[in-house]
Amino acid sequence: MKFGVLTARFALAAVCALMTVVPAQARFWQCAPYAREVSGIQIFGNANTWWSQAAGKYERGNAPKVGAVLSFRSTGKMRLGHVATVAAIVSDREVLLNHANWSRRGGIEYTARAVDVSAAGDWSEVRVWYGPQGGLGTSVYPTNGFIYANGAPSDDRMDDEPKLPSLQMASVAAGTGRMVGVRD
């Protein structure tokens, strides 16, 4: 057998082996591509640009709505900002978010609790569930507000993910160290 044919067969075998090791749905998610895919909002670029890009293209406001995207401002610790989709409204000052790359790099987190802690009750500052801590994080994050996804689907989970009960909180399963509601 010629060396070139042997090399080609080896390469094909290696690619096939890799495809069986990494499932097709395995993916490292950033917050912006995830929010875009599940919300239907067609904004591209880093999360810190979403609010300004939405101006004149999508409605914006300070009231949460299921399917809307919450836009986080840039901070020293989060210089590219963050975006998350609203999965459910618990009360005037509490929502559940679905988002990527928050509690675990590249992971998707479902129904993570977010609480409005702003003095005016206008969602300009929030605290967000942080899995490794097992509760609301200690940081307060400034936000721009909500970008409304005109006609976006209300169920923003990925097709290959099981539907979680609407008010199930993301939490660390007792003794396992695995975050419930976080995509592996």
Rounded, prolate or oblate, given the Cα gyration tensor of segment 42-123, with a/c below 1.5 counting as rounded? rounded
Quote the FRET efficiency, to the nearest 0.05, computed for residue 46 versus residue 133 with a Förster distance R0 of 22 Å and r equal to the Cβ-Cβ distance. 0.30
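Just so you know, all these numbers are worked out from the coordinates, no wet-lab data involved. Keep in mind the model is a prediction, meaning the values are calculated, not measured. Every residue, glycine as well, gets a Cβ built from its backbone with ideal geometry; the counts of neighbours run over all protein chains shown.
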